[in-house]
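**Q** Below is one structure. I have some questions about it.
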Amino acid sequence: MKVKLIQFVPLFGIGLCLGVAGLESITYLGFISAHIYLPALIFYIFGLITLFYPSSLGKVARKLVSTIVAVFASTVSLLYFVLSLIESFTYENFVFTHFHINMKGFVILTALSILVYIFFSSPRKGLAKLMQDGLYASLIFLFIFNISRLTPLVIKSVMPIIRDPGASYDAKMTTAYPGFYPAMQMVARITSENSTIIIPPQGAPWVTEGNNFLVSRFLYPRHIVHIESEAKQTLPSGEVYMLIAKGSWPSDGTYAHGWPKISVAANQIWKFDVENQTYETFSRDYDPTGDVWDWGLIKVQNE
């Protein structure tokens, strides 16, 4: 009777690992610890350790269990890939809202199912073999995890090409840099080639707008600069313009959206409508409290 119980130790480990991970996939991470005051990680570790416990399962039984685990791991991995694609094309928590599957828990279930399959199917034991199997499992999981993240990005990038393979250069650049590229085109039309353009600091939320190399790519030979401090307004001489930019990236807390943040003495200011490639002009100074625009330009009064 004792021998018969030992035979089922690996099966118990498999059930424990995948069962706990599956439960937290349809509830929430921390569900186990919230109800029995033990973290799920303890059950995962214990379940994986039991896979190395001596077992007298016959070849046929072991092969059958290995096949079942392989099918389960393959199904879970494929499902994780599909659900990740769905959520990438919809919104965060779409999968949980519609299917009640917690993706943070499901990624753990995916990783464990791969580990269980490789560990259980391994005919040899030992530390070296354990490390090798762990490496294989990690590589498989990382491949699935990364491909599920990259595939939506590739699809989104390729779709505009499929929809309009003969698109013009301007259309391609507008797709690649929405808002930014049309704004740069308007700046190029308004300013002379020997002028200086002051742009925001390169940081969130102006990661694109504050990138002097990227801005120069579209405005060359104009001189692109940052000023050391808005308060000091150490301006270069000559024909000088200052870009008005709300910021197209999320703020990281260092800066709020909207630039410039101080009043600027101006000869003229332009409010851009980048979608229609039109603008409004105003012959007055720039006021950061009222001129809260996504895109615009200031001709700085520096003489």
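What follows draws every value from the coordinates through simple rules; no lab data is involved. Note that this is a predicted model, so its numbers are computed, not measured. Please note: Cβ atoms are built from the backbone with ideal geometry, for glycine as well, and neighbour counts cover all protein chains shown.
**Q** Can you give me the relative contact order of the chain as a percent, contacts being Cα pairs under 8 Å and 6 or more apart?
**A** Averaging sequence separation for qualifying contacts and normalising by length gives 13 percent for the chain.
**Q** Contact order normalised by length for region 157-270, with contacts defined as Cα pairs under 8 Å and 6 or more residues apart; what percent is it?
**A** RCO, region 157-270: 25 percent.
**Q** Right, something else. Could you work out how far apart the two model spin labels at GLN301 and GLN277 are, taking each label as a point 7 Å from the Cα in the direction of the beta carbon, and quote it in nm?
**A** Placing both labels 7 Å along Cα→Cβ, they lie 3.3 nm apart.
**Q** Give the Cα extents of the chain along the principal axes, in whole Å, largest first.
**A** Principal-axis extents of the chain (Cα, largest first): 98, 47, 39 Å.
**Q** Could you work out the percent of alpha carbon pairs in region 178-224 separated by over 15 Å, rounded to a whole number?
**A** Of all Cα-Cα pairs in region 178-224, 38 percent lie more than 15 Å apart.
**Q** Under a plain spin-label model, where a point goes 7 Å from the Cα along Cα-to-Cβ, how far apart in nm are THR90 and ALA188?
**A** If labels sit at THR90 and ALA188, their model points lie 4.1 nm apart.
**Q** Which value, to two decimals, describes the C-alpha radius of gyration of region 2-162 once divided by 2.2 N^0.38 Å?
**A** Rg over 2.2 N^0.38 Å, computed on Cα atoms: 1.16.
**Q** Sticking with this structure for a sec: Suppose R0 equals 25 Å. What FRET efficiency, 1/(1 + (r/R0)^6) with r the Cβ-Cβ distance, do GLN202 and LEU139 give to the nearest 0.05?
**A** 0.10
**Q** Between GLN132 and ILE49, what is 0.36 nm times their sequence separation minus the Cα-Cα distance? Round to one decimal in nm.
**A** Between GLN132 and ILE49, full extension yields an extra 28.3 nm.
**Q** Identify, among GLY22, PRO236, PRO10, the residue whose Cα sits farthest towards the positive end of the charge dipole of the chain, taking +1 on the Cβ of Lys and Arg and -1 on the Cβ of Asp and Glu, with the dipole about the Cα centre.
**A** PRO10
**Q** Lys pairs in the chain, Cα-Cα under 25 Å, at least 8 apart or on separate chains: how many?
**A** Number of lysine pairs found: 24.
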